[in-house]
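Read the structure below first, then the notes.
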Amino acid sequence: MIAVLVITGLALAIGAMLSVIHHHTGNNTETLSDSINRLLPQTQCAQCGYPGCRPYADAIAADEAPINQCPPGGTHTIEQLAGLLGREVIPLNSTFGETKPDAVAFIDEMTCIGCTLCIHACPVDAILGAGKFMHTVIASECTGCELCLPPCPVDCITLLPVTRSVATS
Amino acid sequence: MKSRGFRGGLTLPLDESPALLLPILDLTQSLPPNPHQSDRHRSNTDAVINHDGQHDTDPLKSLGDPINGTRSPSADRAGIEHLCGLGGAGFSLARKIASGQHSNIDTLIINAAECEPMMACDQALIRESAAAIVHGIEDLLHHTGVMRAMIGIESHRTTEISLLRHALAHRRGITLHTIEPRYPTGSESLLIRVLTGRQVPVDGLPRDCGVLCFNIATAHAFGVWMREGLSQTSRIVTVAGNAIDTPRNVRVAFGVPITQVITSVEPTIDSANLKQYEVTVGGPMTGRAMHGIDETITAKTNCLIIDQPAEALPARRCIRCGQCNDVCPVNLLPQQLHWYARDSQIMLDDLQRFHLDQCIECGCCDVVCPSQIPLTAQFRVAKVALDDSREREARADLAAQRYTARELRLKRREQEKAARIAARKTELAKTRKPGSDRHTAIQDAIKRAKASRAKGSPG
Ligand code: SF4
Ligand code: SF4
Ligand code: SF4
Ligand code: SF4
Ligand code: SF4
């Protein structure tokens with residue numbers, strides 16, 4: 001009888017400990033929306049119709065949006081999302097845009113009038129500058145989302161391709 | 001941009017890239033157009049140098065003379081900043097030395113094991129200047145504060161061994177070791193293992209096991225800079241291959257077009273018929289095809305192989321014979337890697353799992369493969385793809401972080417604004433006490449406004 005009690009007690013104690021450990025390591029705290037967001041390209045370009053990748057991920061998780069609205073991610077992202085969610089791979093819905101090569105923004109510093117409009121548009125704070133002073137893009141942080149292009153009153157921002165050459169043989 | 005540089009002077013500032021000293025008196029320089037190409041993938045043209053063939057007579061003039069002590073320590077440092085490894089990888093020497101000063105390095109390995117067939121530029125350097133090489137090694141020891149240097153050289157290079165022995169006589173701290181002449185012992189990690197018995201950790205660098213590795217030509221260039229004040233503006237290049245009548249080692253200034261080197265070594269080749277030959281840049285095992293006719297000699301260009309094009313046997317399918325697995329000097333499974341790096345679908349996760357990073361691109365697996373599969377070339381492409389995907393991942397992480405930070409900031413600002421307005425409202429409410437003249441006046445006005453709106457709305 002005592003043995004049974006002891007063993008039951010032990011089992012309960014270990015169970016409780018395990019559940020505490022499980023809780024604290026936090027591996028389980030990632031939500032579906034987190035997992036979806038990790039597969040999105042994080043360009044934050046809003047072409048999907050949501051104001052960034054995270055809101056789009058939330059919408060997919062809530063079953064409010066299909067998985068084929070992200071042009072920067074293109075087929076690759078759709079495949080990965082389909083894999084995660086157990087859905088069928090569907091082609092990109094081109095009303096949201098076409099997949100383009102990687103690019104970074106470049107401000108022609110001679111033309112910039114320092115209006116700061118582009119700073120407010122940039123979703124990842126990749127533009128540096130101050131009122132009436134020249135602005136510049138931090139190339140390593142720019143996602144190439146193009147959101148800074150329309151607000152610029154003097155059209156001095158261009159997108160340059162990021163070249164990646166694969167040396168063969 | 002117009003500027004008149006001098007030999008050994010700086011080219012236009014270009015990122016952090018080392019080894020961009022002017023090889024010759026230059027008249028003008030221009031930069032290639034796109035400033036946003038990332039370093040690793042940059043095209044081969046860094047700057048275009050026009051010159052009139054004159055070498056400056058006094059390359060030291062702006063930096064001072066190390067011999068009479070007029071060169072400042074900062075000039076010393078600047079010079080080291082622009083030295084770069086001549087071994088083939090082209091690492092920045094300054095960074096390597098700096099890493100040695102901060103960790104517990106106890107040995108310098110000087111790599112004279114030129115194990116690829118045909119390559120002989122380091123041997124030529126030893127025959128030309130064994131004494132200066134030893135000086136360079138001493139300077140490296142002095143500069144890094146390390147007590148011991150080991151030179152590794154293949155045992156059949158008897159002339160070079162005796163020259164080095166002679167130059168090393170009565171010197172402490174530097175020892176010469178002969179190794180079995182078997183490809184690819186000259187590769188960094190294998191040489192370290194053979195000489196010190198230490199294993200460079202997976203995903204690590206030689207410094208993680210207490211070693212810094214320098215090519216013998218790098219040691220020489222370092223000594224020449226420290227003692228004579230001459231910066232590194234040229235290197236010895238082996239020109240060989242079955243299209244070359246008399247294979248030779250030639251000293252070539254950085255920036256000279258490769259085609260020009262070839263046509264001057266082999267008179268039967270000219271720029272018109274060069275297209276008929278296969279040009280390999282680097283050794284016969286690890287080299288790659290020339291990028292284009294405008295490719296130039298850099299610190300990394302140790303060898304040029306010019307061959308009559310051989311009839312290439314077409315690659316067949318892998319028959320799973322396992323021979324590639326047996327020869328791989330770093331114990332990888334090329335057969336598996338081949339499967340995961342197929343053109344149609346490069347499987348990055350699996351390549352990582354099978355340690356593609358560890359492949360030293362030695363080419364041994366290609367040589368034994370009975371199906372003539374160009375394994376090494378395939379791995380090279382896959383490595384770039386792997387790197388790209390990691391870079392992309394890192395950028396996406398950064399973008400996500402910055403996006404979240406910005407969202408939080410905007411939200412905080414919104415809240416702060418709302419809080420400010422609310423605080424001001426309560427403050428104002430205090431001054432508008434119910435019952436006071438102002439209060440009744442305002443209440444009346446509100447009532448009137450509501451009444452008139454109610455009257456006007458039904459229509
Ligand atoms: S389109 Fe894609 S990259 Fe752009 S915000 Fe939407 S999910 Fe992000
Ligand atoms: S700089 Fe322009 S293109 Fe780059 S991330 Fe910001 S808004 Fe997008
Ligand atoms: S929007 Fe255009 S002009 Fe205004 S600060 Fe940005 S780059 Fe300069
Ligand atoms: S090239 Fe082939 S043999 Fe050499 S390290 Fe890579 S996988 Fe191994
Ligand atoms: S040597 Fe060639 S055929 Fe044999 S297992 Fe390796 S890749 Fe396949």
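The values are calculated or read from the model by the stated rules, or taken from the named source; none is laboratory data. This structure is a prediction, so every number in the text was calculated from the model and none was measured. Note that each Cβ is placed from the backbone with ideal geometry, even for glycine, and that neighbours are counted across all protein chains shown. Calculation scope for accessible area: heavy atoms of the full protein, side chains included, ligands and nucleic acids excluded. Shrake-Rupley method; radii C 1.70, N 1.55, O 1.52, S 1.80 Å.
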**Request:** Determine whether B:ALA149 is touching a Ser or Thr at 6+ places or on another chain (Cβ under 8 Å), part of a helix (DSSP H, G or I) and within 19 Å of B:PHE222 (Cβ to Cβ).
**Result:** no
**Fill in**
Per the filter on the range A:83-118, residues β-branched (Val, Ile, Thr) and closer than 25 Å to A:ASN37 by Cβ are A:VAL89, A:ILE90, A:THR95, A:THR99, A:VAL104
**Message:** What pairs come out if I take residues in the range B:298-322 that are without any contact (Cβ under 8 Å) to a residue 60 or more places away in the chain and away from ligand 2 (no atom under 16 Å from the Cβ) and pair them with residues that are open to solvent by 60 Å² or more (accessible area, probe 1.4 Å) and in a loop (DSSP other than H, G, I, E, B) whose C-beta lies under 6 Å away, six or more apart or interchain?
**Reply:** B:LEU313/B:GLN372; B:ALA315/B:GLN372
**Message:** Against the definition (within 12 Å of chain B (Cβ to nearest Cβ) and more than 14 Å from B:LEU398 (Cβ to Cβ)), how does A:ALA130 come out, yes or no?
**Reply:** no
**Prompt:** If you go through the range B:246-265 one residue at a time, how many are touching a residue at least 40 places away in the same chain (Cβ under 8 Å), assigned to a strand (DSSP E or B) and more than 14 Å from B:THR296 (Cα to Cα)?
**Reply:** 1
**Request:** Find the residue count for the range A:30-47, including only residues that are of a type outside the set (S, T, N, Q) and more than 10 Å from every other protein chain (Cβ to nearest Cβ).
**Result:** 6
**Request:** Tell me, please, whether a residue that is crowded, with 21+ Cβ neighbours inside 10 Å and not hydrophobic (A, V, I, L, M, F, W, C) can be found in the range B:262-270.
**Result:** no
**Request:** Might you let me know whether the range A:136-150 holds any residue that is in contact with a Cys (Cβ under 6 Å, 6 or more places away or on another chain), more than 16 Å from ligand 4 (Cβ to nearest atom), farther than 25 Å from A:ASN68 by Cα and not assigned by TED's automatic domain parsing to the domain that holds A:TYR50?
**Result:** no
**Asked** Quick one: B:GLN199 ticks every box in (1) within 22 Å of B:ALA124 (Cβ to Cβ); (2) assigned to a loop (DSSP other than H, G, I, E, B) bar one, so which box is it?
**Response** (1)
**Prompt:** When B:ALA310 is evaluated against the numbered criteria (1) touching a helix residue (DSSP H, G or I) at 6+ places or on another chain (Cβ under 7 Å); (2) loosely packed, with under 15 Cβ neighbours inside 10 Å, which criterion, by number, is the only one it fails?
**Reply:** (1)
**Prompt:** Can A:CYS112 be described as surrounded by 14 or more Cβ atoms within 10 Å (Cβ to Cβ) and closer than 26 Å to A:THR75 by Cα?
**Reply:** no
**Prompt:** Restricting attention to the range B:417-433, does a residue exist that is part of a loop (DSSP other than H, G, I, E, B) and not aromatic (Phe, Trp, Tyr)?
**Reply:** yes
**Item:** Among the residues listed as B:ARG172, B:ARG165, the single one being farther than 14 Å from B:GLU114 by Cα, open to solvent by 10 Å² or more (accessible area, probe 1.4 Å) and part of a helix (DSSP H, G or I)
**Value:** B:ARG165
**Request:** Examine the range B:237-254 for a residue that is out of contact with any Ser or Thr (no Cβ under 8 Å at 6 or more places or on another chain), closer than 20 Å to B:PRO184 by Cβ and either open to solvent by 40 Å² or more (accessible area, probe 1.4 Å) or within 16 Å of ligand 5 (Cβ to nearest atom) (or both), and state whether such a residue exists.
**Result:** no
**Asked** Does B:TYR277 meet the test of being more than 14 Å from every other protein chain (Cβ to nearest Cβ) and within 16 Å of ligand 4 (Cβ to nearest atom)?
**Response** no
**Complete:** Scanning the range A:74-107 for residues that are within 16 Å of ligand 2 (Cβ to nearest atom) and of a type in the set (Gly, Ala, Ser), the one farthest from A:ALA126 (Cα to Cα) turns out to be A:GLY97
**Any chance B:ILE346 is among the β-branched types (Val, Ile, Thr), modelled with pLDDT under 90, more than 16 Å from ligand 3 (Cβ to nearest atom) and closer than 26 Å to B:ARG316 by Cα** = yes
**Message:** Going through B:ARG353, B:ARG390, B:ARG395 one at a time, which residue ends up being charged (D, E, K, R), over 25 Å from B:TYR183 (Cβ atoms) and more than 14 Å from chain A (Cβ to nearest Cβ)?
**Reply:** B:ARG353
**Item:** helices (runs of 4 or more DSSP H) within the range A:1-104 that include 1 or more residues surrounded by fewer than 10 Cβ atoms within 10 Å (Cβ to Cβ) and at pLDDT below 90
**Value:** A:2-25
**Message:** Is it the case, given these coordinates, that A:THR116 is within 14 Å of another protein chain (Cβ to nearest Cβ), more than 16 Å from ligand 1 (Cβ to nearest atom), within 21 Å of B:ALA399 (Cα to Cα) and without any contact (Cβ under 8 Å) to a residue 60 or more places away in the chain?
**Reply:** no
**Request:** Would you be able to tell me the number of residues in the range A:44-64 that are touching a helix residue (DSSP H, G or I) at 6+ places or on another chain (Cβ under 7 Å) and hydroxyl-bearing (Ser, Thr, Tyr)?
**Result:** 1
**Message:** Tell me yes or no: at least one residue of the range B:368-379 is more than 16 Å from ligand 3 (Cβ to nearest atom), open to solvent by less than 30 Å² (accessible area, probe 1.4 Å) and among the β-branched types (Val, Ile, Thr).
**Reply:** yes
